[in-house]
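Just below is one structure, and these are the notes that go with it.
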Amino acid sequence: VHGPEGAARGRGRQAPLGVFDSGLGGLTVVRALRAACPREDIVYLGDSARVPYGTRSAETVLRYARASARALAARGVKALVVACNTVSAVALDALRAELDLPVSGVILPGARAATEVAGGAAIGVLATAGTIASGAYRRAVASLATRSEILGQAAPLLVALAEEGWLEGEVPTLVVRRYLEAFFEIRAGARVPRVGCVVLGCTHFPLFHALVEQELATLAARPIPVVDSARQTASEVRAFLEERGLANDAPERGSLRVLVTDRPQSFEAVAQRFLGEPLGEVEQVDL
Ligand code: DGL
């Protein structure tokens, strides 16, 4: 988490946290935040009208991210959590420079969690094409002063499958397996893993956590750890809020308000799977 604290403090510890994503995937981060910081009120904005971001240029992603960040800043949030790997990969520095608010992304926490479990071996990253092309995981891992190599694999079909709620069965299993094959090589006729862990470098992918674990274990004939950045992000946000005197100390559980820019048909069911609890009221907004 980075950024000016003056404005945030002015807004007070009772102000909500702003969380945004290109769509519904960021609700996996909200779920982790609701567990790690249960007293925080959260305003979530999903830009469901313009998802996916992962296939677009960095300039377009920055333009979209600015609109979401400003809409949340205008609602008086005390800090922003960018719950999207693609935005964190290409727009985080610009948002930090432009906004008078602390801004947190998901890539550094994910990289930190991965370096802890990779044990010096290479780290596999499953993410959108935009995140892979940005080299953001490589930079994040290098900034943590570790030597782990990064092997990136773009997995755009998993975004579509997650948004559709198509999480089990033959199709997602085959798609996951095909993507994971990039993390293996054939040596002396045997399939050998090239990575010590795989990071789910996209906020949609925690929905496939068990499937990725299962397919990795099948391909490697042994378990390979899978890292999800949501939990690490939430614990870093919590530590930041506590350190800066911004943690909400209200006795009751925090509220959740969900804003979206479009409301597709399967929205309710899919959103609940991401969030793991009933959604409550959802408001449609225009950016
Ligand atoms: N939320 C995006 C991410 O974490 C994935 C969906 C998209 O491509 O917009 O990278």
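Read-outs throughout are calculated quantities, based only on the coordinates presented, and are distinct from any laboratory measurement. Note that this is a predicted model, so its numbers are computed, not measured. Don't worry about glycine lacking a Cβ; one is built from the backbone with ideal geometry, like all the others, and counts go over all protein chains shown.
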Completion exercise
Percent antiparallel among DSSP beta bridges confined to the chain, rounded to 5, stands at 15 percent
Completion exercise
residue 23 neighbourhood, Cβ < 12 Å, K/R = +1, D/E = -1, net charge -3
Practice task
Grab the Cα-Cα distance for residue 157 and residue 209, subtract it from 0.36 nm times how many residues apart they are, and report the gain in nm with one decimal.
Solution key: 17.2 nm
Problem - Net +/- balance of residues flanking residue 206 in space, Cβ distance below 12 Å, scoring K and R +1, D and E -1 - result: +1
Problem - Gyration tensor verdict on the range 94-217 (Cα atoms; rounded if a/c is under 1.5, prolate if a/b is larger than b/c, oblate otherwise) - result: oblate
Problem - Centroid-to-centroid separation of the range 246-263 and the range 195-214 [C-alpha atoms, Å] - result: 27 Å
Exercise for the section: Round to the nearest 0.05 the FRET efficiency obtained for residue 166 and residue 249 when R0 = 45 Å and r is the Cβ-Cβ distance. Expected result: 0.60
Fill in the blank from the handout: The extension gain from residue 178 to residue 39, computed as 0.36 nm times the residue separation minus the Cα-Cα distance, is 45.9 nm
Problem - Helix-only [θ]222 nm of the chain, DSSP H runs n ≥ 4, -39500 (n - 2.57) each, per residue, nearest 500 - result: -13500 deg cm²/dmol
Practice task
Pop a pseudo-label 7 angstrom from the Cα along the beta-carbon direction at both residue 217 and residue 272 and give the gap in nm to one decimal.
Solution key: 2.9 nm
Exercise for the section: Mind giving me the nanometre distance, one decimal, between the label points for residue 14 and residue 67, set 7 Å out from Cα along Cα→Cβ? Expected result: 3.3 nm
Problem - Exposure proxy order (Cβ contacts within 10 Å, fewest to most) of 149, 170 - result: 170, 149
Exercise for the section: Once you have the Kirkwood Rh of the chain from its Cα pairs, apply Stokes-Einstein at 20 °C and 1.002 mPa s and quote D in µm²/s. Expected result: 113 µm²/s
Practice task
Give the calculated FRET efficiency between residue 100 and residue 284 to the nearest 0.05, with a Förster radius of 30 Å applied to their Cβ-Cβ distance.
Solution key: 0.65
Handout entry: For the range 7-52 versus the range 130-163, the gap between their alpha-carbon centres in whole angstrom
Key = 22 Å
Completion exercise
Honestly the range 128-287 on the Cα gyration tensor test (a ≥ b ≥ c root eigenvalues; a/c under 1.5 rounded, otherwise a/b vs b/c for prolate or oblate) is just oblate
